[in-house]
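S.K.: Structure in structure tokens, see below.
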Amino acid sequence: MNQEELPMEDLLVYEKEYWGKSYRHIAGIDEVGRGCLFGDVVAAAVILPEGVILDGVNDSKKLSAKKREQLFEEIMQTALAVGIGFVDAATIDKINIKQAARLAMKQAVEGMKVRPDFLLVDAEKVDLPIPQMAIIKGDANSQSIAAASIIAKVTRDRLCQGEWEARYPEYGIAVHKGYATKLHREQLLLLGPTPMHRRSFLTNLFTKQQELF
């Protein structure tokens, strides 16, 4: 089976393959915030009922914020189980972002009220003794992974617009969600990093700035 992007009606191809092999609880897993300068990396794991098709579920990056919010509620109501994992900036700096993303994914699976018997993972491996498959562009090829991407994205965006914005209002977190936008870089250079900034991500930013003077 090739892993090119599938049309919407084929987003259950991988799920159907493993349901056919008698795996009943298949979890899709994805993370968001890997490329941010600020805040946690957030992962989600979602088990949807066998055969259920959620209209509109797709890669969270292709959906409007309004559509993601709508689908978030639908997924939460429909799913057999949802787990969410968070790994903070200090841990990201300590173990690196790849390992932090994997840790968040592991936490998401461990937090589910139903233990999955198979994992579909967006281009990663989860450090658990559960059969699994890494799918390139998984959020565009598997409904379960796409659902996880929506849960993770909405969860993190709500933190950016709520708790994290309130904690550090001068940085514009609600606007740029922690990514390296012009506004974010300017405020970082003006005010310096907060405890929630990933220091290991900022080295190049400050080095380049110093070279201008």
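S.K.: List the lysines whose Cα lies under 22 Å from the Cα of Lys21, skipping any in the same chain that are fewer than 8 positions away.
M.R.: Straight-distance partners of Lys21: Lys125.
S.K.: Among DSSP beta bridges lying fully in the chain, give the percent that are antiparallel, nearest 5.
M.R.: Values: 14 of 22 bridges.
The antiparallel proportion sits near 65 percent.
S.K.: Let me ask something else about it. Would you work out the relative contact order for region 90-171, in percent, from Cα pairs under 8 angstrom that are 6 or more residues apart? Please report the intermediate quantities before stating the final value.
M.R.: Numbers: 66 pairs, mean separation 13.9, N = 82.
Contact order relative to length: 17 percent.
S.K.: Under a 5 Å amide H to amide H cut-off, with H placed in plane at 1.01 Å, what residues pair with Val41 once short-range neighbours are removed?
M.R.: The answer is Val87.
S.K.: Over the chain, what is the relative contact order in whole percent, taking alpha-carbon pairs under 8 Å and six or more residues apart?
M.R.: Values: 405 pairs, mean separation 60.5, N = 213.
Over the chain, the number comes to 28 percent.
S.K.: Need one number: convex hull volume per residue for region 25-70, Cα atoms only, in Å³. Please list the in-between numbers first.
M.R.: On the way: hull volume 4.3 nm³, N = 46.
Each residue corresponds to 94 Å³ of Cα convex hull volume.
S.K.: With every protein chain left in place, what is the accessible area of Asp117 in Å² (1.4 Å probe, nearest 10)?
M.R.: Ignoring ligands and nucleic acids, Asp117 comes out at about 50 Å².
S.K.: Hey, can you find the accessible area per residue of the chain for me, probe 1.4 Å, expressed in square angstrom? If you can, show how the numbers build up before the last one.
M.R.: On the way: 10160 Å² over 213 residues.
Each residue of the chain exposes 48 Å² on average to a 1.4 Å probe.
S.K.: Using mean Cβ contacts within 10 Å as the protection proxy, how do 176-188, 94-106 order, highest first? All intermediate terms of the calculation are to be shown ahead of the outcome.
M.R.: Values: 176-188: 17.0, 94-106: 19.5.
The peptides rank, most packed first, as 94-106, 176-188.
S.K.: Next question, about the same structure. Hey, could you get me the Stokes-Einstein D for the chain, Kirkwood radius over alpha-carbon pairs, 10 °C and 1.306 mPa s, rounded to whole µm² s⁻¹? Numbers along the way, then the final one.
M.R.: On the way: Rh = 17.7 Å.
In µm²/s, the coefficient is 90.
S.K.: Suppose the chain between Glu165 and Leu128 were pulled fully straight at 0.36 nm per residue; how much longer would it get relative to their current alpha carbon spacing? Please report the intermediate quantities before stating the final value.
M.R.: Working: separation 37, 0.36 × 37 = 13.32 nm, distance 3.40 nm.
Contour length minus Cα-Cα distance gives 9.9 nm.
S.K.: Tell me which trypsin sites (Lys or Arg not before Pro) from region 109-170 have a DSSP coil assignment and no more than 15 other beta carbons within 10 Å of their own.
M.R.: Working: sites: Lys113, Lys125, Lys137, Lys153, Arg156, Arg158, Arg167; in loops: Lys113, Lys125, Lys137.
For trypsin sites (Lys or Arg not before Pro) across region 109-170 that sit outside H, G, I, E and B with at most 15 neighbouring Cβ atoms in 10 Å, the list reads Lys113, Lys125, Lys137.
S.K.: Note the full-extension length gain between Trp19 and Gln99 as 0.36 nm times their separation in residues minus their Cα-Cα distance, in nm to one decimal.
M.R.: On the way: separation 80, 0.36 × 80 = 28.80 nm, distance 2.95 nm.
Between Trp19 and Gln99, full extension yields 25.9 nm more.
S.K.: Per the helix-only calculation at 222 nm, which mean residue ellipticity applies to the chain, given -39500 (n - 2.57) for every DSSP H run of n ≥ 4 and division by its residues, nearest 500 deg cm²/dmol?
M.R.: Numbers: 9 runs with 93 residues, N = 213.
One gets -13000 deg cm²/dmol as the mean residue ellipticity at 222 nm.
S.K.: Let me ask something additional. What is the spin-label model distance, in nm, from Glu50 to Arg115 if the labels are put 7 Å beyond Cα along the C-beta direction?
M.R.: Going from the Glu50 label point to the Arg115 one covers 1.9 nm.
S.K.: Let me ask something else. Quantify, in whole percent, the carbon and sulfur part of the accessible surface of the chain (1.4 Å probe; protein heavy atoms only).
M.R.: Numbers: 5430 of 10160 Å².
Ligands and nucleic acids excluded, carbon and sulfur give 53 percent.
The values are calculated or read from the model by the stated rules, or taken from the named source; none is laboratory data. Note that the structure is predicted; figures quoted are calculated from it, not measured. Because the Cβ atoms are built from the backbone with ideal geometry, glycine has one as well, and the counts that use them run over all protein chains shown. Protein only, heavy atoms only, side chains kept; ligands, DNA and RNA dropped before computing areas. Shrake-Rupley method; radii C 1.70, N 1.55, O 1.52, S 1.80 Å.
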